[in-house]
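Everything below concerns the one structure shown next.
The values are calculated or read from the model by the stated rules, or taken from the named source; none is laboratory data. The model shown is predicted, which means the values in this text are computed figures rather than measured ones. So basically every Cβ, Gly included, is an ideal-geometry build from the backbone, and we count neighbours across all protein chains shown. Each accessible area value is taken on the protein alone, full model and side chains, heavy atoms only, with ligands, DNA and RNA left out. Shrake-Rupley method; radii C 1.70, N 1.55, O 1.52, S 1.80 Å.
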Amino acid sequence: MNASYAWLRAMVPTDLTPRALAELLTSRTATVDGLRSLRADLEPIVIARVVECARHPSSDHLSVTRVDAGGDLVDVVCGAPNVRAGAMYPFAPVGTVLPDGMRIEKRKIRGAVSEGMLCSARELRLGDDHEGILELQIDVPTGTPLLQALPLGDTILDVDVTPNRPDLLSHLGLAREIAAARGAPFRLPEFAGNDNGPAPDITRAAREANAGGVRVVLEDAEGCPRYTGVCIRGVTIGPSPEWIADRIRAVGGRPINNVVDATNYLLHELGQPMHAFDAGTLGGAAIVIRRARPGERLTTLDGVARTLEPWMTVIADGDRAQALAGVMGGGDTEVTDRTTDVFLEVAHFDPAGTRRTRRALGLSTDASYRFERGTDPELPPHALARAVSLIRAVAGGRVDGWAVDLHPRPRQPRHIELRTARVAHLLGERLPPDEIRRHLESIGFAIESHRGDTFRVTVPPWRGDVEREVDLIEEVARLHGYDRFSDELRPYRQSTVPTPDTELAARRVREALVAEGLFEARPMPFVTGSDDTHVRVANPLGENEAHLRTSLLETLARRTEFNLALMRRSVRLFEIGAAFGRSSATLPHEELRAAAVILGDRNPPHWKDGPAPVVDEWDAKWLAEVMARAAHPRSEIELEPAGGGSDSEVLWRVMVSGKAKGEVRRLTLDAPPWAAPAYGVEVTLATIPSNPVAPAGQGVAYRDEPVTPHAKGAALAVQFAPLPSTPSAGFDIALLLPNDVAVARVENTIRRGIGPLLERLSLLSEFRGGNVPAGYRSVAWSLTLRHPERTLESREVSGRRDKMLRMLEEELGIKPRTS
């Protein structure tokens, strides 16, 4: 949508620049894709300061100046009498094309070089003063573009309005959001010259009423839920005032005449399309909102004769269709220079019907764009009164009789309960109730009551996208400001997936080792290895590292050697990752482990303490205890000496509840002579199941242990299979289950009854009460069947279904629900 910066400022007084306003809307409401100045011809003009000013040696009326335009000082010859040193002026550098088409070039004037031009108001088309250059009373850096320093002309904001926010397809909707963000009031501008009386009285009816001698009949209430209209007589058609024409041109429109321009102005101001008929051309002095007749034709305002479909809603007179509802008016009733009486229509049309008509005829307009997305159903009478006011201000005329408002099914306000506890749970921060109330009320939501921690909120009619409590919470979040929320992931943030025990153990070990001053490394798990002791990768990245490591210390040792090669005396590294071993199954044995390497200074050196002691095996033992207790906090931890003499690499074994779960060892490295001894610790966190044996299409199971889907801490090996190439067949079934029969038993029988063709069994619903007998509940499932090689026949599906029902009745006494 094109939005005028000047128009928005007329509704919400603000000192924000166009760019700042665009950033505000983007952060809170809708993305502003770009800014376009209507005075793009002034883009090359910058603000400059005259540093020196002296008389031209060869002329009495010329001055030679030194000008600071944000770069090196340039010489400019100026003929204006008011030029003076220290003042700020608009400056056109060499190469600039002025609004009148003159190109600025470097040239000599009476022997003095001039490298640009200090501009007057007339030269910039900002006024008629040509006697002197335009002195500016502003405080900005030199070189600042003139359009950034001064609000000259209008700027258009290209707002990307999403389909769920049709209320933003108007300056009123954007102004409401700006006012809420700035904590400022907003208002609709008044129309000068409206001296022709108050707003018209309105006759409210369901289907039929009279407006100034024009009979208005609403036959198609489905296509037009609400229709308002009024007859204005004695108007004078002519050009629009310049301020209306400027507004329409600013948003990309074309001025036509004062009455038509008034309707287009209000379309962009309020987001409410409206149409003016020449009342003198209406046959039978009637307006009938009905469905098109078979074969009926209409010549629209674009001059195209169109054949209408019977499902299309049209606005007709007593004889024939005169407009396509919500899309475009007809040429026969167009307002022209000969028009003296106008029937003004402001209606609410069905979005789906408007879209269907527009697509069938290939005709898209500003009106259809808004009606398709949904306009405010309560706006038509208010928009009608404002349109009458504007038309009387620019075209004169008087209202004949009363206006009409046909509304067969008045809309009931939507109420939603909002819990402050739910707001805190979803947003992760607790907002004060007064702040929640202030945010919602600032954009038109009404708080009917507040009991305990619950608000009863009335949704404004222009917010059809707000239907549930979570929608209100989203409004609170964006009005509070997304950038004001913490970016910390907190434990109570909502999630449907429990954190596995292995991840929790890894997190505890990581935090403990970081606290001890170690740095985490994340090397690849590939090593040189040997086919006798290591598992070879089928498609290795390189033959020099074609095997999976059996220990994390294998890769950490290489990282340690790399650090020593860079003259790093002290190394403190750890890793949490997988180690692999040989297995008789398809996939290797896999364990999640934590490992650490330490060598060098025990503490960071300090000038007053002298040389720091180096780490030894006792430091490594302490580190092993820290890691084991973090990984297995509820188990008994013991470090058992490995024995084998002082030359043994393994120093201690880490025992967890009596089982060996790790070790402390002395590392042998390719190290320089000055390197201190290195020690490594490795602790097993968990064993990862990796032996899938299930047939294709039936999930994944493991030889060693059963795995419950979604069980906390369960690690599933993923088995990939081709997507099915044959079509599925399915049906839903509702069964009457006694309250003491578990759903799991029923599903087990269903699976056995259908057999291997069952691809998916989904629980749909559970219902009690109503026609369901006492002591029973109605439970519904959806079943999907598929054969891997061919299309199932209907008799196969029916046969499987009948077999399943017989088994349910014979084994569990369960029958399908019949009512």
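List the GluC sites (Glu not before Pro) within the stretch 749-814 that DSSP assigns to loop and that have no more than 16 neighbouring Cβ atoms inside 10 Å. Numbers along the way, then the final one.
Working: sites: E759, E766, E789, E793, E796, E809, E810, E811; in loops: E789, E793.
Within the stretch 749-814, the qualifying GluC sites (Glu not before Pro) (loop, at most 16 other Cβ atoms within 10 Å) are E789, E793.
Starting from the Cα-Cα distance between R559 and S530, subtract it from 0.36 nm times their residue separation and give me the gain in nm to one decimal. Write down the numbers at each step before the final one.
Working: separation 29, 0.36 × 29 = 10.44 nm, distance 1.99 nm.
Extending this stretch completely gives an extra 8.5 nm.
What's the local net charge at D68, with K and R +1, D and E -1, over the other residues with C-beta under 13 Å away?
Surrounding charge for D68 is -2.
Apply 1/(1 + (r/R0)^6) to the Cβ-Cβ distance of A121 and L363, taking R0 = 30 Å, and write down the FRET efficiency to the nearest 0.05. Can you show the working numbers first?
Details: r = 46 Å, r/R0 = 1.52.
Between A121 and L363 the formula returns 0.10.
For the stretch 154-193, which trypsin sites (Lys or Arg not before Pro) are in a loop by DSSP, counting at most 14 other Cβ atoms within 10 Å?
Values: sites: R176, R182, R187; in loops: R187.
Hits after loop and neighbour filter: R187.
So between S782 and A742, what do we pick up on full extension, going 0.36 nm a residue minus the alpha carbon distance?
Values: separation 40, 0.36 × 40 = 14.40 nm, distance 1.75 nm.
Additional length available on full extension: 12.7 nm.
Within 10 Å of each candidate Cβ there may be at most 12 other Cβ atoms; applying that plus a DSSP loop requirement, which chymotrypsin sites (Phe, Trp or Tyr not before Pro) in the stretch 620-691 survive? Can you show the working numbers first?
Values: sites: W622, W652, W674, Y679; in loops: W674.
For chymotrypsin sites (Phe, Trp or Tyr not before Pro) across the stretch 620-691 that sit outside H, G, I, E and B with at most 12 neighbouring Cβ atoms in 10 Å, the list reads W674.
How much accessible area does Y369 have with a 1.4 Å probe, in Å² rounded to the nearest 10?
90 Å²
Can you find, among G481, I436, L406, the residue sitting farthest towards the positive end of the charge dipole of the stretch 381-486, where Lys and Arg contribute +1 and Asp and Glu -1 at Cβ?
Positive-most Cα among the choices belongs to L406.
State the percentage of accessible surface on the stretch 127-229 attributable to carbon and sulfur atoms; use a 1.4 Å probe and exclude ligands, DNA and RNA.
The C+S portion of the solvent-accessible surface of the stretch 127-229 is 47 percent.
Sort R422, R768 by heavy-atom solvent-accessible area, probe 1.4 angstrom, most to least. Numbers along the way, then the final one.
Working: R422 75, R768 130 Å².
Putting R422, R768 in descending order of accessible area: R768, R422.
Could you order E649, E475, E617 by accessible surface area, starting with the largest, using a probe radius of 1.4 Å? Mind showing how you got there, number by number?
Values: E649 85, E475 10, E617 55 Å².
Per-residue accessible area, sorted high to low, gives E649, E617, E475.
Angle, helix 171-182 long axis vs. longest principal axis of the chain, Cα atoms, 0 to 90°, nearest 10?
The angle comes out near 50 degrees.
Accessible area, 1.4 Å probe, largest first: how do V514, V650 sort? Don't skip to the answer; put the middle values down first.
Values: V514 85, V650 25 Å².
Sorted descending by solvent-accessible area, the residues read V514, V650.
For E543 and Q148, what does the FRET efficiency come to when R0 = 56 Å and r is the distance between their Cβ atoms, rounded to the nearest 0.05? Don't skip to the end; give the middle numbers.
Numbers: r = 61 Å, r/R0 = 1.09.
With a Förster radius of 56 Å, E is 0.35.
Using +1 at the C-beta of Lys and Arg and -1 at the C-beta of Asp and Glu, which of L553, L723, H268 has the Cα lying farthest in the positive direction of the dipole of the chain?
L723
As a test question: what accessible area, to the nearest 10 Å², does V335 have when a 1.4 Å probe is rolled over all protein chains in place?
Counting only protein heavy atoms, V335 exposes about 10 Å² to solvent.
Between D434 and V304, with labels modelled 7 Å along Cα→Cβ, what's the label distance in nm to one decimal, could you check?
It is 5.8 nm.
Determine the relative contact order of the stretch 1-82: mean sequence separation of Cα pairs under 8 Å and six or more apart, normalised by residue count, in whole percent. Spell out each step's value before the answer.
Working: 73 pairs, mean separation 13.1, N = 82.
For the stretch 1-82, the relative contact order is 16 percent.
Can you give me the angle between helix 617-631 and the longest principal axis of the chain, using Cα atoms only, in degrees from 0 to 90, rounded to the nearest 10?
Helix 617-631 sits roughly 60 degrees off the main axis of the chain.
Suppose every K and R has +1 on its Cβ and every D and E has -1 on its Cβ; what is the size of the dipole of the chain about the Cα centre, in Debye to the nearest 20? Display every interim value, and only then the final one.
Values: 100 positive and 111 negative charges, 316 e Å.
That gives the chain a dipole magnitude of about 1520 debye.
To the nearest 10 degrees, how steep is helix 433-442 against the longest Cα principal axis of the chain, on a 0 to 90 scale?
Orientation of helix 433-442: about 40 degrees from the principal axis.
Determine, from the Cβ-Cβ distance of A352 and K815 and an R0 of 56 Å, the FRET efficiency 1/(1 + (r/R0)^6), rounded to the nearest 0.05.
On the way: r = 42 Å, r/R0 = 0.74.
Efficiency at R0 = 56 Å is approximately 0.85.
Percent relative contact order of the stretch 607-682, based on C-alpha pairs within less than 8 angstrom and at least six residues apart?
Working: 104 pairs, mean separation 20.3, N = 76.
27 percent.
Ignoring everything except DSSP H segments at least 4 long, calculate the 222 nm mean residue ellipticity for the chain; use -39,500 (n - 2.57) per segment, divide by total residues, nearest 500.
Numbers: 17 runs with 196 residues, N = 819.
Rounded to the nearest 500, it is -7500 deg cm²/dmol.
What percent do you get for the relative contact order of the chain when only Cα pairs under 8 Å and 6+ apart count? Intermediate results must be reported in sequence, preceding the final value.
Details: 1634 pairs, mean separation 65.9, N = 819.
That works out to 8 percent.
Give the Cα extents of the chain along the principal axes, in whole Å, largest first.
112, 102, 56
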